[in-house]
Amino acid sequence: MATLLERYGDGTILAMGGAAIGTLFGFFAQRSRFCLRAAVIEFWHRHFGEKLSVWLLAFSTAVVVVHTLQV
C-alpha cells in the first residue's frame, strides 16, 4: 500500500478508491432494489419487511467499513 501511495499520490488513490466503492454500491443497490424511500415507508407503517432489512444491512455495512478504514 505504501508503494502505491508513493507512486500515485494520496489524491489519486482516494479518487480510485471512491470510484471503486461507488461502483460496487451502485451495482449492489441495483441488484437488491435498494430504495431509501421504500424503507422509510415500511418503517413508518411499522412493517419490517425486505426493503427495510436491505437498508439496515447497507447502513450497518457502511458504518463497519468506515470505522475499519479509519483505524
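The values are calculated or read from the model by the stated rules, or taken from the named source; none is laboratory data. Just so it is clear, the structure is predicted and the values come from calculations on it, not from any experiment. Cβ atoms come from the backbone with ideal geometry, glycine included; neighbour counts cover every protein chain shown. Keep in mind that these areas ignore ligands, DNA and RNA; they rest on the heavy atoms of the full protein, side chains included. Shrake-Rupley method; radii C 1.70, N 1.55, O 1.52, S 1.80 Å.
List of remarks:
- Note that the chain presents 89 Å² accessible area per residue, ligands and nucleic acids not counted, probe 1.4 Å.
- Selection from S53, A19, M1 lying farthest towards where the dipole of the chain points positive, charges on Cβ: S53
- Of the solvent-accessible surface of the chain, computed with a 1.4 Å probe over protein heavy atoms with every protein chain present, carbon and sulfur atoms account for 68 percent.
- Using the Karplus relation 6.51 cos²θ - 1.76 cosθ + 1.60 with θ = phi - 60°, the per-residue 3J(HN,Hα) values for the stretch 41-53 come to 5, 4, 5, 4, 8, 6, 10, 8, x, 5, 5, 5, 5 Hz, with x marking Gly and Pro.
- For the stretch 1-61, applying the loop criterion from DSSP together with a ceiling of 13 other beta carbons within 10 Å to the trypsin sites (Lys or Arg not before Pro) yields R33, R46.
- Three semi-axes of the equivalent ellipsoid, the chain, Cα gyration tensor, whole Å, largest first: 33, 13, 8
- With the simple spin-label model, which puts each label point 7 Å out from Cα in the Cβ direction, the R31 to T12 separation comes to 3.0 nm.
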